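Chemist: Pasting a structure here, questions to come.
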Amino acid sequence: MMTLYSGTTCPFSQRSRIVLYEKGMDFQIIDVDVFNLPEDISLMNPYNRLPVLVERELILHESNIINEYIDERFPHPQLMPAEPVMRSRARLFLFRFETELFTHVSTLESTSSNKASIDKARMAIRDNLLQIVPVFAKQKYMLGEDFTMLDVAIAPLLWRLEHYQIQLPKQASPLLKYAERLFSRPAYIDSLSPAEKAMRK
Ligand SMILES: N[C@@H](CCC(=O)N[C@@H](CS)C(=O)NCC(=O)O)C(=O)O
């Protein structure tokens, strides 16, 4: 059985929780306090961060790497595109998310960020999200009509917009409707920790 060491408020951990619930197989989630990491996390992850996935002798870290492993191990429903060209494009998009959005999410999650860097991170996230609004004028999900790993990757950020004090203008409404579509999925609802539920009224 897979065991996920997961931060109850950690957006990266939530990604892996979403994938586990989408697959509907047996797994165990161990809640970890991100602000008081137990020593065994540093033994499993040299970067001493959550999430960490353990399955027998395999120990993985980095949410996107964990998620691709779960997707390959339990192929139904498949979350990465099956076809190599689309699959590599999906990986490029995941890389872009990390570089342009989640680097700023990490600033907002860090206890050592100062006000100037927090303000800068909020603006950068807002600007980058506005750029992807037009995608949802034409399609239901990030890559088309199917829910994929890209939707998994971005959902925890969209859930936290209010919590991070990021306001989007009216023109972002297709993106916010898309977010509601993600939040209404049964696996998404199951993935939420009590602390995450409390982030949105
Ligand atoms: N790129 C990593 C980011 C993971 C990450 O930053 N996790 C945070 C919690 S949300 C963490 O464990 N922070 C503890 C620390 O840095 O001390 C991933 O995708 O898994």
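Laboratory data are not the source of any read-out in this text; all were calculated from the coordinates shown. Everything numeric here is computed off the predicted structure, so don't read it as measured data. Methodologically, a virtual Cβ is constructed for each residue, glycine included, from the backbone with ideal geometry; neighbour enumeration extends over all protein chains shown.
Chemist: Which GluC sites (Glu not before Pro) in segment 45-130 pass both tests, a DSSP loop state and at most 12 other beta-carbon atoms within 10 Å? List each step's numbers first, then the result.
Modeler: On the way: sites: Glu55, Glu57, Glu62, Glu68, Glu72, Glu98, Glu100, Glu109; in loops: Glu57, Glu62.
Qualifying residues, ordered by number: Glu57.
Chemist: Expressed in nm to one decimal, what extension gain is obtained for the pair Asp190 and Glu55 from 0.36 nm per residue of sequence separation less their Cα-Cα distance?
Modeler: Between Asp190 and Glu55, full extension yields 46.5 nm more.
Chemist: How high is the relative contact order of the chain, in percent, counting Cα pairs under 8 Å that sit 6 or more residues apart? Display every interim value, and only then the final one.
Modeler: On the way: 249 pairs, mean separation 46.9, N = 201.
Answer for the chain is 23 percent.
Chemist: Something else about it: Where the centroid of each part is defined by its Cα atoms, how far is segment 29-61 from segment 77-137 in Å?
Modeler: Using only Cα atoms, the two centres lie 23 Å from each other.
Chemist: State which entries of Lys115/Lys140; Lys23/Lys138; Lys140/Lys201; Lys120/Lys170; Lys23/Lys120 exceed 32 angstrom in Cα-Cα distance in the structure shown.
Modeler: Beyond 32 Å: Lys115/Lys140; Lys23/Lys120.
Chemist: Please compute the modelled spin-label separation between Ala137 and Thr111, points set 7 Å along Cα→Cβ, answer in nm with one decimal.
Modeler: For Thr111 paired with Ala137, the spin-label model returns 4.5 nm.
Chemist: Which residue fluctuates the most in the chain, going by a Gaussian network model with Cα springs under 10 Å, if the choices are Asp119, Asp40, Asp71?
Modeler: Asp40
Chemist: Which of the aspartates and glutamates could a cross-linker bridge to Lys197, judged by Cα under 20 Å and excluding same-chain residues fewer than eight apart?
Modeler: Glu22, Asp31, Asp33, Glu109, Asp151, Glu162, Glu180
Chemist: Right, next: With the crude spin-label approximation of a point 7 Å out along Cα→Cβ, what separation in nm comes out for Asp127 versus Thr103?
Modeler: Modelled inter-label distance: 1.3 nm.
Chemist: Let me ask something additional. For the chain, what mean projected area does the convex hull of the alpha carbons give, in nm²?
Modeler: 11.3 nm²
Chemist: How many nm is it between the label spots at Ala198 and Ser88, if each spot is 7 Å from the Cα in line with the beta carbon?
Modeler: According to this spin-label approximation, the distance is 4.7 nm.
Chemist: I want to verify the translational diffusion coefficient of segment 84-185 in µm²/s; compute it with Stokes-Einstein, Rh as the Kirkwood radius over Cα pairs, at 37 °C and 0.692 mPa s.
Modeler: On the way: Rh = 14.2 Å.
Taking Rh from Cα pairs, D becomes 231 µm²/s.
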